[in-house]
Amino acid sequence: MRGNKETKNLILVLVSASKVMSKTEDIFFKKKIFHRLANFTEEYVDFKSKGSVAQYREGFLKLKSECDNLLETVDFVIYSNPVDNTPLLYLKRRILLFKLAMIKNINKRVRENSSIKIDYPIQKDIVLDQAQEPASNKDKILSLIKRRNKIRAKDIIGEFNDISDRTVKRTLKDLADNGLIRKEEINKAVYYSIL
């Protein structure tokens, strides 16, 4: 199985997902991951069967979209599930490795076959996915704490004009209760940092 990293990574994603689903007790999360995984696998099989250039490009975009949907679901479960997230983080890593292998493979095919034209908007789309603002207040605050490492609640409140003081404090409490951040008191000041 040395030849095709993309297929190997797909198999590792499937194995990791089955381990996560076997350890997850929440039925909602199991169903959510299962349906996303089924759509993702179906798009992969469909993508591999594409013959024409136009179908190949369309298949790539659909597969990338399903890959992103699966990543989004795994992130949702990671942030919503206060238990051990190690298998979920491993699954996320496997999905990202699959996505990377897929992008490398498509770039290789484009270089080898001049009849396949995949415009730069795909590449821009990939970069835009990484640069988008986090959607929720929890994601915004968590992202800021990751960037600054140690930060006070007062500084977080000052950073976000669109989030009320109460919401920031409630979100910080939720993040600390879920084990995503650490709360430390130093000289009567409270600092938050990533675990």
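General observations
- In the range 103-171, counting only helices (runs of 4 or more DSSP H) that sit wholly within it, the ones holding 2 or more residues that are in contact with a strand residue (DSSP E or B) (Cβ under 9 Å, 6 or more places away or on another chain) and either farther than 24 Å from Thr7 by Cβ or modelled with pLDDT of 85 or more (or both) span 137-148, 153-159.
- Residue match in the range 50-61 (condition: modelled with pLDDT of 85 or more, assigned by TED's automatic domain parsing to the domain that holds Lys99 and charged (D, E, K, R)): no
- Within the range 15-33, the set of residues being surrounded by 14 or more Cβ atoms within 10 Å (Cβ to Cβ) and without any contact (Cβ under 8 Å) to a residue 60 or more places away in the chain comprises Ser18, Met21, Thr24, Phe29, Lys30, Lys32, Ile33.
- Taking the listed residues Val190, Val168, the one that is out of contact with any Ser or Thr (no Cβ under 6 Å at 6 or more places or on another chain) and crowded, with 16+ Cβ neighbours inside 10 Å is Val168, with no other qualifying.
- Filtered residue count, the range 18-70, keeping only those that are in contact with a Leu (Cβ under 9 Å, 6 or more places away or on another chain), in a helix (DSSP H, G or I) and β-branched (Val, Ile, Thr): 3
- Contact annotation: residue pairs with Cβ atoms under 8 Å, 6 or more positions apart or on different chains, pairing a residue in the range 168-183 that is of a type in the set (Asp, Glu) with a partner that is part of a helix (DSSP H, G or I) and at pLDDT below 90, are Asp174/Lys138.
The values are calculated or read from the model by the stated rules, or taken from the named source; none is laboratory data. Quantities reported herein were computed from a predicted structural model and do not represent experimental measurements. Positions of Cβ are backbone-derived with ideal geometry, glycine not excepted, and every protein chain shown enters the neighbour counts.
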